[in-house]
1. Select from the stretch 45-55 the residues that are surrounded by 15 or more Cβ atoms within 10 Å (Cβ to Cβ) and on the phi > 0 side of the Ramachandran plot and list them in ascending order.
2. Output the residue which, of all residues in the stretch 57-103 that are of a type in the set (F, W, Y) and within 15 Å of L114 (Cα to Cα), is farthest from the ligand (Cβ to nearest atom).
3. Take the residues in the stretch 1-56 that are at pLDDT below 95 and in contact with a Gly (Cβ under 9 Å, 6 or more places away or on another chain), then tell me which one is farthest from L114 (Cα to Cα).
4. Restricting to the stretch 14-56, give me the number of residues that are within 14 Å of the ligand (Cβ to nearest atom) and touching a residue at least 12 places away in the same chain (Cβ under 8 Å).
5. Report the residue count in the stretch 56-76 for those that are of a type in the set (G, A, S), part of a loop (DSSP other than H, G, I, E, B) and surrounded by 20 or more Cβ atoms within 10 Å (Cβ to Cβ).
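The values are calculated or read from the model by the stated rules, or taken from the named source; none is laboratory data. Since this is a predicted model, take the numbers as computed values, not measurements. When we count neighbours, we look across all protein chains shown, and the Cβ atoms used for this are built from the backbone with ideal geometry, even at glycine.
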Amino acid sequence: MQILKIRDFFGTLERKRMAKIIYVTTDGKRHEVEVENGYTVMEGAINNNIDGIVAECGGACACATCHAYIDKDWLGKLPPMDDMEDSMLDAAYERKDNSRLTCQIEVSDALDGLTVFVAENEY
Ligand code: FES
């Protein structure tokens, strides 16, 4: 019984590991939020009411309305973009070298402090 409680305790800690993600919205405001590991950067934005991340397709990599520009210091630390994301980004407004779809970036401890600049997704 006691062992189960200890396991539950550590299980809860594991599930609730968080990373700080910084969203800079198009009005220049900086929003620092804690996002649970395993969620995507897009889900972190939606759950924290970050303006500009629309996510019309709900994370299926089919709309490009979760487009953001990644802080250049973080670009090399993200998992590489796959062909599907690359193709969908071609439909995004003002794609740049540091463009990514935030629904394709999973939050982890390694991304603690990640800064993303929300793109114009509501046009
Ligand atoms: Fe639609 Fe990311 S939410 S492509």
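1. G52, A55, listed by residue number.
2. The extreme case among them is W74.
3. The residue in question is R15.
4. Total satisfying the criteria: 13.
5. Looking only at that region, the number is 1.
For (1) more than 19 Å from C57 (Cα to Cα); (2) surrounded by 12 or more Cβ atoms within 10 Å (Cβ to Cβ); (3) over 14 Å from the mean Cα position of the chain (by Cα), each residue gets a yes or a no:
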| site | (1), (2), (3) |
| --- | --- |
| L78 | yes, yes, no |
| D82 | no, no, yes |
| S99 | no, yes, no |
| T102 | no, yes, no |
| I105 | no, yes, no |
| L111 | yes, yes, no |
| L114 | yes, yes, no |
| V118 | no, yes, no |
